[in-house]
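**Q** Handing you a structure now.
The values are calculated or read from the model by the stated rules, or taken from the named source; none is laboratory data. This one's a predicted model, so the numbers in the text were calculated from it and none came from an experiment. Note that each Cβ is placed from the backbone with ideal geometry, even for glycine, and that neighbours are counted across all protein chains shown. Remember, those area values only see protein heavy atoms, side chains included, never the ligands or the DNA or RNA. Shrake-Rupley method; radii C 1.70, N 1.55, O 1.52, S 1.80 Å.
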Amino acid sequence: MGSFLRLVTLLKNYKLPLALHMMSNLLMALFTVFSLPAIIPFFQLFLNQELSQPVRPEEPFAFSNADEYLKFHFLSWLDGMEQAEAMLMMCFIIIALFFLKNFFHYMALFFLAPVRNGVVHDLRSMLFDRILAMPVSYFDDKQKGDLMSRFSMDVMEVENSILKSLEKAVREPLLVVGSLLFMLYISPGLTLFVFILILVTALIIGGISQQLKKKSTIVQQTLGRLLSFVEESISGIKVVKAFRAEGFLQGRFREVNKYYKYVLNRVLWRRDLSSPLSEFMGITVVCMLFYVGAQSVFRGEISSEAFLAFLLAFFYIINPSKNFANAYYSIQKGMAGLQRIEDLLLAPDHMPEKGNPAPFKELKKGIRLENVTFEYNGAERAAINNVSLEVKAGTTTALVGRSGSGKSTLADLVARFYDVSSGRILMDGVDVRDLKLSDLRKMMAVVSQEPVLFNDTIKNNIIFGYGEASMEAVERAAKMANAHDFIMETSDGYESGVGDRGNLLSGGQKQRIALARAILRDPPLLILDEATSALDSESEKLVQKALEEVMRGRTSIVVAHRLSTIKNADQIAVLSEGELVEAGSHNELMDKRGEYYKFINLQSLSDSD
Ligand SMILES: Nc1ncnc2c1ncn2[C@@H]1O[C@H](COP(=O)(O)OP(=O)(O)OP(=O)(O)O)[C@@H](O)[C@H]1O
Ligand SMILES: [Mg+2]
């Protein structure tokens, strides 16, 4: 029930509408119950063609005999009237009561809407904030679709099942209690009989709902897998078609889809049982009641009109009870969704910040890696193994090595996308884990191996969260990245959209925009994961020149593939299978005739520089 308590915490922000909702509900229940005694004279007039004579209560007015006074005044008021007139009056009264009942019903719903939507809105915001706050490693072994389904389906489930049922969970018991009180007033014996029958029904239904929550969790998980599948297939659609993998993917999709259908059937079968079951039990109870009640009427213990009103009150109980049972089912189902949302909200943060992290405003001396070792979650082999390296401020270090040697991983460690497994990374002598994370990130710009663009305009992709950028600054950055000319050729220039993930642009164009984004920030530390291809040799040269200019006098760590970048670096670090095998300048390493020499000779064969 921990989840439920937390939901209640969320509700705290909506005290006023919630209070108004409860009040309206209470009034609605009140008018529903009031309409019961008002109907008795109605039946009386029908069955006996006349009303009973008003009898003045013997005792003075008190709370306990308020009803007798009410009845007396009511009957005295109707006493002088004609039959038809009295009937008309009672019709008006009943219409008025039902009007009020429904008015407050609407008011209850009216005030519930902002609560429902507000809680869902808050949940979504919390989830999104949480997703942005999670460290990169959290997403390595997560399915995107599963996260998406928590975001959409689970939140919807919470709304549809829990919040919608909240209304019923409050109102229906009120109605049940009110009607029960009325029934008690008419005949305690019959009421006890009804009460026991209802209790038995509730127990039976409750038993079935036990399993529902567990099954619902499986349903949501399966849906997550399904969505992951679709998401991956859409983003990889070209590869799917090129390799004619449609059949293969269809086969796998069908499997998951079939399983989804299977578990969903099970959940629906169980849930749908509640309504027919409770109706069947309801009618059984009614028949028993008729039988038992009729005996009382025949014996003259209660009047027939009172019994009819009692029956009506009983019907007022059946529906709310049924609704309440349904609400209970729904809440169980919604709880599964809430649980999955909470798993994400409460997931441990693997990259905690220190209590009072050191501020970091300037990189004066440089970066030092000391015996850095790093393993990815669940990996057998360390991706980085005992690497020690010094990067002086204002110099460029090129990381070279074969594919999979750990270059990108090392760059990610410096940016603190991951934390080292052992060893330390120091910035001006301070462990990066002791630095204020936002300061660290502000100090650097990262251009990743695959450029990442968002579905927005070119301009906004360059500014991207860097608040106060003027148009001139954006253009200057774009010019340095050799992107300005092609941007001007697009239909709306800097205001052109780039499409989902930038798919309206070519690979090289995306890269240059990502570069402009980094240049605009003019960061003290530049981390660049050079793309292996994507640029034609013409624009490659221009980007190369831009890069040289950007890196001049700036601390840069560049994962380098191009010979020109490598040669110009102040220091070259050669990685092999996660280990640092050599470090030094181009000339030093060439003289050594070691790994680097071999690497360059291989490169030169394929490189025109
Ligand atoms: N997110 C990850 N989870 C688990 N293992 C990973 C992950 N990313 C990379 N690896 C593994 O870590 C090793 C180093 O990868 P890395 O991406 O650093 O190589 P790289 O030198 O940048 O290669 P390339 O030149 O091809 O980009 C590889 O063996 C790779 O399989
Ligand atoms: Mg890489």
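**Q** Of all residues in segment 557-579, count the ones that are within 16 Å of ligand 2 (Cβ to nearest atom) and buried (at least 20 other Cβ atoms within 10 Å of the Cβ).
**A** The total comes to 11.
**Q** Given the structure, is Leu180 away from ligand 1 (no atom under 16 Å from the Cβ) and more than 27 Å from Ser274 (Cα to Cα)?
**A** Here the answer is no, as Leu180 does not meet what is asked.
**Q** Turning to a different aspect of this structure: Which of (1) modelled with pLDDT of 90 or more; (2) within 16 Å of ligand 1 (Cβ to nearest atom) is the odd one out, the single condition Glu530 does not satisfy?
**A** All conditions are met except number (1).
**Q** Is there a residue being more than 8 Å from ligand 1 (Cβ to nearest atom) and free of Cβ contacts under 8 Å to residues at least 40 places away in the same chain anywhere in segment 420-431? Outline the logic, then answer.
**A** Taking segment 420-431 first, the residues more than 8 Å from ligand 1 (Cβ to nearest atom) are 420-431.
Next, only the ones that are free of Cβ contacts under 8 Å to residues at least 40 places away in the same chain stay: 431.
Yes - at least one qualifying residue is present in segment 420-431.
**Q** Go through segment 372-406 and give me each residue that's in a loop (DSSP other than H, G, I, E, B), of a type outside the set (A, V, I, L, M), within 15 Å of ligand 2 (Cβ to nearest atom) and buried (at least 17 other Cβ atoms within 10 Å of the Cβ).
**A** Ser405, Gly406
**Q** If the Cβ limit is 7 Å and pairs must be 6+ apart or interchain, which residue in segment 100-127 that is in the same structural domain as Arg340 (by TED's automatic domain parsing) and within 27 Å of Leu30 (Cβ to Cβ) pairs with which residue that is of a type in the set (A, V, I, L, M) and open to solvent by 50 Å² or more (accessible area, probe 1.4 Å)?
**A** Qualifying pairs under 7 Å: Phe104/Leu27; Phe111/Leu20.
**Q** Which condition from (1) assigned to a helix (DSSP H, G or I); (2) surrounded by fewer than 21 Cβ atoms within 10 Å (Cβ to Cβ); (3) within 15 Å of ligand 1 (Cβ to nearest atom) is the one that Gln449 breaks?
**A** (1)
**Q** Now a separate question. Specify which of the listed residues (Ile218, Ile302, Ile204) is aliphatic (A, V, I, L, M) and without any contact (Cβ under 8 Å) to a residue 60 or more places away in the chain.
**A** Ile218
**Q** What pairs can you find where one residue is in segment 564-575 and within 16 Å of Lys545 (Cβ to Cβ), the other is within 16 Å of ligand 2 (Cβ to nearest atom) and acidic (Asp, Glu), and their Cβ atoms are less than 8 Å apart, with a gap of 6+ or different chains?
**A** So the pair list comes out as Thr565/Glu530.
**Q** Starting from segment 178-200, keep only residues that are more than 15 Å from Gly282 (Cβ to Cβ), then list their pairs with residues that are surrounded by fewer than 19 Cβ atoms within 10 Å (Cβ to Cβ) and modelled with pLDDT of 85 or more whose Cβ atoms are within a distance under 6 Å, requiring at least 6 positions of separation or different chains.
**A** Close Cβ pairs satisfying both conditions: Thr191/Leu184.
**Q** Residues that are under 21 Å from Gln449 (Cβ atoms) and β-branched (Val, Ile, Thr), at least 2 per element: which helices (runs of 4 or more DSSP H) completely within segment 470-522 meet that?
**A** 507-521
**Q** Being farther than 30 Å from Ile317 by Cα, at pLDDT below 80 and either of a type in the set (D, E, K, R) or not in a helix (DSSP H, G or I) (or both): is that true of Lys164 here?
**A** It is false that Lys164 is farther than 30 Å from Ile317 by Cα, at pLDDT below 80 and either of a type in the set (D, E, K, R) or not in a helix (DSSP H, G or I) (or both).
**Q** A further question follows. When the residues of segment 373-414 are filtered to those that are closer than 19 Å to Glu595 by Cβ and of a type in the set (Val, Ile, Thr), which remaining residue is nearest to ligand 1 (Cβ to nearest atom)?
**A** Within segment 373-414, the match that is nearest to ligand 1 (Cβ to nearest atom) is Thr409.
**Q** Another question, then. Examine segment 142-151 for a residue that is modelled with pLDDT of 80 or more and within 25 Å of Ala29 (Cα to Cα), and state whether such a residue exists.
**A** No.
**Q** When you look at Thr409, is it closer than 23 Å to Arg554 by Cα, touching a residue at least 24 places away in the same chain (Cβ under 8 Å) and either within 16 Å of ligand 2 (Cβ to nearest atom) or out of contact with any strand residue (DSSP E or B) (no Cβ under 6 Å at 6 or more places or on another chain) (or both), yes or no? Reasoning before the result, please.
**A** Working: closer than 23 Å to Arg554 by Cα: yes; touching a residue at least 24 places away in the same chain (Cβ under 8 Å): yes; either within 16 Å of ligand 2 (Cβ to nearest atom) or out of contact with any strand residue (DSSP E or B) (no Cβ under 6 Å at 6 or more places or on another chain) (or both): yes.
Criteria met by Thr409.
**Q** Collect the residues in segment 358-369 that are over 40 Å from the mean Cα position of the chain (by Cα) and open to solvent by less than 80 Å² (accessible area, probe 1.4 Å), keeping them in residue-number order.
**A** Residue satisfying the conditions is Gly366 alone.
**Q** Hey, could you check segment 412-433 for residues that are outside any loop (DSSP other than H, G, I, E, B) and under 30 Å from the mean Cα position of the chain (by Cα) and say which is nearest to ligand 2 (Cβ to nearest atom)? Reasoning before the result, please.
**A** Residues of segment 412-433 outside any loop (DSSP other than H, G, I, E, B): 412-414, 422-427, 430-433.
Then keep just the ones that are under 30 Å from the mean Cα position of the chain (by Cα); that gives 412-413, 433.
Details: Asp412: 9, Leu413: 13, Arg433: 23 Å.
It comes out as Asp412.
**Q** Is it true that Glu548 is in contact with a helix residue (DSSP H, G or I) (Cβ under 9 Å, 6 or more places away or on another chain) and modelled with pLDDT under 90?
**A** Yes, satisfied.
**Q** Continuing with this model, one more query. Kindly indicate which of Leu528, Leu453, Leu505 is hydrophobic (A, V, I, L, M, F, W, C) and closer than 29 Å to Pro359 by Cα.
**A** Of Leu528, Leu453, Leu505, the one residue that is hydrophobic (A, V, I, L, M, F, W, C) and closer than 29 Å to Pro359 by Cα is Leu528.
**Q** While we're here: Would you mind stating whether Gly467 is more than 16 Å from Arg512 (Cα to Cα), within 16 Å of ligand 2 (Cβ to nearest atom) and either assigned to a loop (DSSP other than H, G, I, E, B) or among the aromatic types (Phe, Trp, Tyr) (or both)?
**A** No: the conditions fail for Gly467.
**Q** Tell me yes or no: at least one residue of segment 534-544 is surrounded by fewer than 22 Cβ atoms within 10 Å (Cβ to Cβ) and within 16 Å of ligand 2 (Cβ to nearest atom).
**A** Yes; the residues of segment 534-544 include at least one that is surrounded by fewer than 22 Cβ atoms within 10 Å (Cβ to Cβ) and within 16 Å of ligand 2 (Cβ to nearest atom).
**Q** Continuing with the same structure: List every residue pair whose Cβ atoms lie under 7 Å apart, where the two residues are 6 or more positions apart in sequence or sit on different chains, the first residue falls within segment 499-526 and is among the β-branched types (Val, Ile, Thr), and the second residue, located anywhere, is open to solvent by less than 20 Å² (accessible area, probe 1.4 Å).
**A** Ile513/Leu453; Ile513/Ile458; Ile513/Asn461; Ile513/Ile462; Ile513/Ala483; Ile519/Ala477; Ile519/Ala481; Ile519/Val550
**Q** Among the residues in segment 63-73, are any crowded, with 16+ Cβ neighbours inside 10 Å and of a type in the set (Lys, Arg)?
**A** yes
**Q** Met81 - would you say it is outside any helix (DSSP H, G or I), modelled with pLDDT of 75 or more and out of contact with any Phe, Trp or Tyr (no Cβ under 7 Å at 6 or more places or on another chain)? I'd like the intermediate steps shown before the answer.
**A** On the way: outside any helix (DSSP H, G or I): yes; modelled with pLDDT of 75 or more: yes; out of contact with any Phe, Trp or Tyr (no Cβ under 7 Å at 6 or more places or on another chain): yes.
It is true that Met81 is outside any helix (DSSP H, G or I), modelled with pLDDT of 75 or more and out of contact with any Phe, Trp or Tyr (no Cβ under 7 Å at 6 or more places or on another chain).
**Q** Out of all the residues in segment 389-422, which are over 26 Å from Lys142 (Cα atoms), of a type in the set (Gly, Ala, Ser) and touching a Leu at 6+ places or on another chain (Cβ under 6 Å)?
**A** Those that are over 26 Å from Lys142 (Cα atoms), of a type in the set (Gly, Ala, Ser) and touching a Leu at 6+ places or on another chain (Cβ under 6 Å): Ala393, Gly401.
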